[in-house]
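Peer 1: Sharing a structure with you now.
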Amino acid sequence: MKFIETKLKGCFILEPKIITDERGYFMESFNEKTFQAGIGQEVTFVQDNQSFSTKGVLRGLHYQCGEHAQAKLVRVLHGEVLDVAVDLRPESPTYGQYEAVVLSAENQTQFFVPRGFAHGFLVLSSSATFFYKCDNYYNKESEGGLKFNDETLNINWNVPFEALIISDKDKVLPNLENAKKVW
């Protein structure tokens, strides 16, 4: 597994070693020892989540606050998405900046998003199955979110806003300035 740290300290792109032959492929998608050595910290995942969405669905930008903050290791089992992480750590030199990565069943790339980040994704293919591990349990009262088209963030989703399918809940999320603090 190759670990590539992004411009956002603590966020990593993970590229697996894929072994192919006439039967198909094999890869190790997760190994706790390798993962912790690759990111340089101990993270213990306690919950796996999976979602299915169709083309144009944008989920996010979401995060958990305080003691319920979550780190996530995300990947795509079927299809392709544009995955986005936004740094919300107030002391960070990259506060308010984002990283975007294309994740797909074809490239098998994974993205590690540490605690203190908002996260979201846009489905680029006809449909996608999205899978992620969390290092903390979901807590509704600690939920936070950011408007996907906040002008301060200036995220390039590469799709016209009119083509996006967004939940009513996500349509009314606040901008960065008015969002809940992560801690």
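Peer 1: Only one of (1) surrounded by 13 or more Cβ atoms within 10 Å (Cβ to Cβ); (2) within 13 Å of ARG75 (Cβ to Cβ); (3) charged (D, E, K, R) fails for LYS55. Which number is that?
Peer 2: (2)
Peer 1: Quick check: is even one residue across the stretch 42-60 part of a loop (DSSP other than H, G, I, E, B), of a type in the set (Gly, Ala, Ser) and in contact with a Lys or Arg (Cβ under 9 Å, 6 or more places away or on another chain)? Let's see the steps before the verdict.
Peer 2: From the stretch 42-60, those part of a loop (DSSP other than H, G, I, E, B) are 42-46, 55-56; that's our starting set.
Retained after the next criterion (residues that are of a type in the set (Gly, Ala, Ser)): 56.
Within this subset, residues satisfying the condition of being in contact with a Lys or Arg (Cβ under 9 Å, 6 or more places away or on another chain) are none.
The answer is no, given that none of the residues of the stretch 42-60 is part of a loop (DSSP other than H, G, I, E, B), of a type in the set (Gly, Ala, Ser) and in contact with a Lys or Arg (Cβ under 9 Å, 6 or more places away or on another chain).
Peer 1: Step by step: first the residues of the stretch 129-174, then only those that are in contact with a His (Cβ under 6 Å, 6 or more places away or on another chain) and under 19 Å from VAL81 (Cβ atoms), then the one that is surrounded by the fewest Cβ atoms within 10 Å (Cβ to Cβ). Which residue is that?
Peer 2: THR129
Peer 1: Please report, ordered by residue number, the strands (runs of 3 or more DSSP E) entirely within the stretch 102-183 with at least 1 residues that are among the polar types (S, T, N, Q) and under 17 Å from the mean Cα position of the chain (by Cα).
Peer 2: Working: elements: 110-113, 117-123, 127-134, 143-145.
In the stretch 102-183, 110-113, 127-134 are the strands (runs of 3 or more DSSP E) which contain 1 or more residues that are among the polar types (S, T, N, Q) and under 17 Å from the mean Cα position of the chain (by Cα).
Peer 1: Just to be sure before I move on: is THR34 within 28 Å of SER92 (Cβ to Cβ), within 19 Å of the chain's Cα centre (by Cα) and in contact (Cβ under 8 Å) with a residue 24 or more places away in the chain in the structure I sent? Walk me through how you get there before you give the answer.
Peer 2: Details: within 28 Å of SER92 (Cβ to Cβ): yes; within 19 Å of the chain's Cα centre (by Cα): no; in contact (Cβ under 8 Å) with a residue 24 or more places away in the chain: yes.
Taking the combined requirement at face value, the residue does not satisfy it.
Peer 1: Now for a separate question. Looking only at the stretch 10-28, filter to residues that are outside any strand (DSSP E or B) and within 20 Å of ASN136 (Cα to Cα); which one of those is farthest from the chain's Cα centre (by Cα)? Can you show your working first?
Peer 2: Keep residues of the stretch 10-28 that are outside any strand (DSSP E or B), which gives 10-11, 16-17, 22-23, 28.
From what is left, the residues that are within 20 Å of ASN136 (Cα to Cα) are 10-11.
Numbers: GLY10: 13, CYS11: 10 Å.
That would be GLY10.
Peer 1: With respect to the numbered conditions (1) closer than 27 Å to TRP157 by Cβ; (2) touching a residue at least 12 places away in the same chain (Cβ under 8 Å), which one is the sole condition not fulfilled by ILE4?
Peer 2: Single failed check for ILE4: (2).
Yes or no, residue by residue, for (1) among the charged types (D, E, K, R); (2) under 16 Å from the mean Cα position of the chain (by Cα):
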site	(1), (2)
GLY38	no, no
GLU42	yes, no
SER51	no, yes
THR54	no, no
VAL57	no, yes
GLN64	no, yes
LYS72	yes, yes
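Peer 1: A follow-up question, please. Confirm whether SER142 is closer than 29 Å to PHE45 by Cβ, of a type in the set (Gly, Ala, Ser) and in contact with a strand residue (DSSP E or B) (Cβ under 7 Å, 6 or more places away or on another chain).
Peer 2: Values: closer than 29 Å to PHE45 by Cβ: yes; of a type in the set (Gly, Ala, Ser): yes; in contact with a strand residue (DSSP E or B) (Cβ under 7 Å, 6 or more places away or on another chain): yes.
Considered against the rule, which asks whether it is closer than 29 Å to PHE45 by Cβ, of a type in the set (Gly, Ala, Ser) and in contact with a strand residue (DSSP E or B) (Cβ under 7 Å, 6 or more places away or on another chain), SER142 comes out as yes.
No value in this document is a laboratory result; all are computed from the given coordinates. Model, not experiment: these values are computed from the prediction. Glycine gets a Cβ as well: all are built from the backbone with ideal geometry, and neighbour counts include every protein chain shown.
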